[in-house]
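J.: Quick one: the structure is below, questions incoming.
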Amino acid sequence: MSSSKYLIEVDNVSKYYKLHHERKGTLQSWFINSLGRKKKLDEDFWALKDVSFKLGRGRTLGVIGRNGAGKSTLLKLVTGIIQPTEGRIRVNGRVSAMLELGTGFHPDLTARDNIFLNGAIYGFSKKDMEQRYDRIVDFSELGKFIDTPVKHYSSGMYMRLAFAVAITVNPEILVVDEVLAVGDAAFGRKCYDELERMKKANVSILFVSHGPGEIARFCDEAIYLANGRIVAQGTPPEVLKMYEQQTNPTFISTR
Ligand SMILES: Nc1ncnc2c1ncn2[C@@H]1O[C@H](COP(=O)(O)OP(=O)(O)OP(=O)(O)O)[C@@H](O)[C@H]1O
């Protein structure tokens, strides 16, 4: 384990994509397209620009922002699924993540097999996972569906499995995308109880949510992202005030 005071350090991170557009609308483009040689136009696009923050042990950071603001991109960078174009990310601890639905499980495998596969990815032996298995199944409440390939799961079932695995692999850092939103209310409460338990156990949590109430209740710090940039950063009340002002329909219509 690193001696750094911070479990996550993100320094001036940017992520760039090239967006491809097809030229259309002219007779020439119709002719080129009909020959099967589509003329592409490229556009530079920064999904994240100059993002910096640090997360200490046992702290919970909430990230809020409108659709496409760059929240999931930030989580994928922190978990190493994608690499930054610029800047530096240091993660000093064992991470477990619950990202967008579809990430992390093999669709053709059953939940049972995915549990063991994920355990191996997190560095646990089969025996270790056998000890954790009952807890994962109990928490997820998937019961008779545990031997069904996960491609047949509903998004809520998928989320239950992903959350149950993520909390059972003893992380020092838990990264949670807004997927909790797809669960039913009773399961959502159970997840929040579990997140509270992890907070008390000094796990650092990076948490994306569209719900200002969740960020206010649950987080020690917050970031508001818009168009890939940090607009506000600080305590949840400060950040949510800015978010609510800027995303309020009256404010938008007068801009
Ligand atoms: N691989 C990619 N190639 C091109 N653009 C991408 C890629 N991945 C993400 N983007 C773009 O980056 C921007 C940020 O996406 P991201 O998924 O991080 O947003 P988000 O804040 O999580 O949105 P939402 O609230 O809708 O989940 C979007 O405009 C998205 O289209």
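J.: How much of the calculated P(r) for the chain lies past 30 Å, in percent of all Cα pairs?
T.: That fraction is 36 percent.
J.: When the distances between all Cα atoms of region 133-215 are binned every 5 Å from zero, what whole-number percent does each bin get?
T.: In order of increasing distance, the bins hold 3, 14, 26, 26, 19, 9, 4, 0 percent.
J.: Let's test this: bin the Cα-Cα distances of region 196-250 at 5 Å from zero up to the farthest pair and state each bin's percent.
T.: P(r) for region 196-250, in whole percents per bin: 4, 19, 28, 25, 13, 7, 3, 1, 0.
J.: Non-local amide H neighbours of Ile223 (under 5 Å, H modeled in plane, Pro and chain starts lacking H): which ones?
T.: Counting only residues 5 or more places away or on other chains, the set is Gly62, Val63, Ile64.
J.: Roughly speaking, what is the centre-to-centre gap between region 107-121 and region 177-251 when only Cα atoms are used, to the nearest Å?
T.: Between the Cα centre of region 107-121 and that of region 177-251, the gap is 29 Å.
J.: Please list 3J(HN,Hα) in residue order for region 226-242, calculated via the Karplus relation 6.51 cos²θ - 1.76 cosθ + 1.60 where θ = phi - 60°; whole Hz, with x for glycine and proline.
T.: Per residue, the Karplus-derived 3J(HN,Hα) values read 9, 6, x, 10, 7, 8, 8, 8, x, 6, x, x, 4, 5, 5, 4, 5 Hz.
Laboratory data are not the source of any read-out in this text; all were calculated from the coordinates shown. Since this is a predicted model, take the numbers as computed values, not measurements.
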